[in-house]
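The values are calculated or read from the model by the stated rules, or taken from the named source; none is laboratory data. Just so we're clear, the structure is a prediction, and the values are computed from it rather than from any experiment. Every residue, glycine as well, gets a Cβ built from its backbone with ideal geometry; the counts of neighbours run over all protein chains shown. In case anyone asks, the SASA skips ligands and DNA or RNA and just uses the protein heavy atoms, side chains included. Shrake-Rupley method; radii C 1.70, N 1.55, O 1.52, S 1.80 Å.
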Amino acid sequence: MIRFEQVTKRYADGTTAVAGLSFEVAEGELVTLVGPSGCGKTTTMKMVNRLVEPTEGRILLGGEDVAAADPVELRRRIGYVIQHVGLFPHKTVLENTATVPQLLGTPRAKARARAAELLDLVGLDPAVYGGRYPDQLSGGQRQRVGVARALAADPPVLLMDEPFGAVDPVVRERLQREFLALQKAVRKTVLLVTHDLEEAVRMGDRIAVYGHGTIEQFAAPAAVLAEPANDYVAGFVGSDRGLRRLAVTPVTEQDVAAVDGAGPAPEASVELGASLREALALLLQEDSGRIGVTDPASGALAGVLTAEGVHRALRRTRVPGA
């Protein structure tokens, strides 16, 4: 869906923001661009919708060179969510959300109906919030409106620049979870810029770890944490990367032991597919040293998980792709 071919951005003063970027983002994939300030990740994202023009190379969107597209029309086909939302203060929530469809020629009534559907999808009842103005909303609510507005024209691509950075940590984690649930439903192709490794690991199907204008590693979160490509990536993900892997490693049938009849069934349980972090947090509270693992489809007990099972799961995912 998005393809970078040897893309470089060099400014008039000689500063090179990014150099020779080549990577692809598959249709329906969420890729996080993570790295320190000034590393080129936001420049990369802004070249997709031509807010920044590349100096060299090509960017293809659905096989089309974006340089050949009209910039205004291109941007209307790409959803864009930024940290401070950028809602129009003089328009209601419903009007803000309906803006892009109306610009594209959608009749007003149809655009507003679509806006109401999306507000409901992001957890804002349009009957309650549709008539409010941005300054009547909390930070988290404004971010939800920003996401709804970006999705209103049903764009195939969504660009997100530090989209949850302006809210407190508790709200931020909740918005991340809700967006991931939304992404499962709408399956957009997403580029998400963040400086927060935790967010990158939690959100991304794959992560692009930036150095200084270059991508040092582009892989699934578990692979980056298990096998950093070089010393720079190892230093960036930190010495506690083994603990971070708990958040991106699911509990599978390979990790659970059969239930024996020697004792009562575990009182605490998680579902297959839950993260090892969630499972370990629960396991540490159990005196028995084991928790149940249930099948999400049937609710039946699939087995039990112990500390040995957690360790086995981490060993299983040590080699990327295993």
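Applying the criterion of being part of a strand (DSSP E or B) and β-branched (Val, Ile, Thr) to the residues of the range 197-255, the residue that is surrounded by the most Cβ atoms within 10 Å (Cβ to Cβ) is 207.
Restricting to the range 57-71, what's the tally of residues that are buried (at least 18 other Cβ atoms within 10 Å of the Cβ) and in a helix (DSSP H, G or I)? Residues meeting the conditions: 1. Restricting attention to the range 162-173, the residues that are under 11 Å from the mean Cα position of the chain (by Cα) and acidic (Asp, Glu) total 1. Going through the range 304-322 one residue at a time, which ones are touching a Gly at 6+ places or on another chain (Cβ under 8 Å) and modelled with pLDDT under 90? Answer for the range 304-322, where residues must be touching a Gly at 6+ places or on another chain (Cβ under 8 Å) and modelled with pLDDT under 90: just 314.
Just one of the numbered conditions (1) at positive phi; (2) at pLDDT below 85 is not true of residue 264: (1). Taking the range 1-25, which residues are of a type in the set (S, T, N, Q), under 21 Å from residue 65 (Cβ atoms) and free of Cβ contacts under 8 Å to residues at least 40 places away in the same chain? Across the range 1-25, the qualifying residue is only 22. Scanning the range 1-24 for residues that are buried (at least 21 other Cβ atoms within 10 Å of the Cβ) and of a type in the set (Val, Ile, Thr) yields a total of 3.
Any residue at all in the range 89-110 that is surrounded by 15 or more Cβ atoms within 10 Å (Cβ to Cβ) and either basic (Lys, Arg) or within 29 Å of residue 197 (Cβ to Cβ) (or both)? Checking the range 89-110: not a single residue is surrounded by 15 or more Cβ atoms within 10 Å (Cβ to Cβ) and either basic (Lys, Arg) or within 29 Å of residue 197 (Cβ to Cβ) (or both).
Out of curiosity, is residue 186 more than 13 Å from residue 41 (Cα to Cα), surrounded by fewer than 21 Cβ atoms within 10 Å (Cβ to Cβ) and in contact (Cβ under 8 Å) with a residue 24 or more places away in the chain? In short, yes.
Cβ-Cβ distances below 9 Å connect the following pairs, each with a first residue in the range 26-48 that is in contact (Cβ under 8 Å) with a residue 60 or more places away in the chain and within 16 Å of residue 3 (Cβ to Cβ), a second residue that is polar (S, T, N, Q) and surrounded by fewer than 19 Cβ atoms within 10 Å (Cβ to Cβ), and a separation of six or more residues or different chains: 28/183. Condition check for residue 35 on (1) open to solvent by less than 10 Å² (accessible area, probe 1.4 Å); (2) at pLDDT 95 or above: one failure, at (2). Applying the criterion of being assigned to a helix (DSSP H, G or I) and in contact (Cβ under 8 Å) with a residue 40 or more places away in the chain to the residues of the range 150-179, the residue that is farthest from residue 88 (Cα to Cα) is 178.
Scanning the range 174-201 for residues that are of a type in the set (A, V, I, L, M), more than 10 Å from the chain's Cα centre (by Cα) and over 17 Å from residue 152 (Cα atoms) yields 175, 181, 197. Hey, any hits in the range 268-284 for a residue that's charged (D, E, K, R), modelled with pLDDT of 85 or more and out of contact with any Leu (no Cβ under 8 Å at 6 or more places or on another chain)? Yes, the range 268-284 contains a residue that is charged (D, E, K, R), modelled with pLDDT of 85 or more and out of contact with any Leu (no Cβ under 8 Å at 6 or more places or on another chain). Name the single residue that is most open to solvent (accessible area, probe 1.4 Å) among those in the range 145-183 being in contact with an Asp or Glu (Cβ under 8 Å, 6 or more places away or on another chain) and at pLDDT 85 or above. Checked the range 145-183; the qualifying residue most open to solvent (accessible area, probe 1.4 Å) is 156.
Residues satisfying the criterion are present in the range 277-299 (criterion: touching a residue at least 40 places away in the same chain (Cβ under 8 Å) and either in a helix (DSSP H, G or I) or surrounded by 13 or more Cβ atoms within 10 Å (Cβ to Cβ) (or both)).
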